[in-house]
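Note sheet for the following structure.
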Ligand SMILES: *[C@@H]1O[C@H](CO)[C@@H](O)[C@H](O)[C@H]1NC(C)=O
Ligand SMILES: *[C@@H]1O[C@H](CO)[C@@H](O)[C@H](O)[C@H]1NC(C)=O
């Protein structure tokens, strides 16, 4: 089509610019529909849009694999921030055995379990085994839930008044996006 433009003396640079803008706009619209399809499945669509649109280079040029990889990068940064918070909470509660036990469990779950699950998810993403990507990604959230809710269903969740539950809930929202995109990749 562009070649035809070149042959046609009535087409000027302005029209080519308009044409290219239209192509760019159509691509953006298609990507917008894709983000809609992802984020309307999430519990917090606004958070989902903001997160995916914050991918360096913009969401327009990103494919689903790029978006999952970006969400995993964000998860890793979130886990690092959260690990620092947990270490601080352990230091701050030297004599409160219940608090120390709870935060020590969380340190294992977040610093070890969740980081390992992120690594496994990345490995599966690289090997493009999309059919198991979602169950491996769910493993990240399991580790976070074990920290917040306790190890067994009979455990009374620790009444945590620190920032940790809010941090954990943000990570769960990021992981939810990873799981949603994993399901789309498997189709
Ligand atoms: C996690 O990352 C998101 C996106 O960068 C940010 O908005 C949020 O504050 C982070 N949360 C934690 C606990 O690091
Ligand atoms: C949790 O702790 C806060 C502050 O100490 C208290 O106000 C609240 O009632 C407690 N909640 C439960 C369910 O024990």
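Each value in this text was obtained by applying a stated rule to the coordinates, not by laboratory testing. Predicted model only: the values in this text are computed from it and were never measured. Note: ideal-geometry Cβ built from the backbone for every residue, glycine included; neighbour counts use all protein chains shown.
Okay, here's what the table says:
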quantity	calculated
Selection from the stretch 43-65 of residues that are in contact (Cβ under 8 Å) with a residue 60 or more places away in the chain, within 12 Å of ligand 1 (Cβ to nearest atom) and part of a loop (DSSP other than H, G, I, E, B)	44
Flag for residue 154 being farther than 24 Å from residue 178 by Cβ and within 24 Å of the chain's Cα centre (by Cα)	no
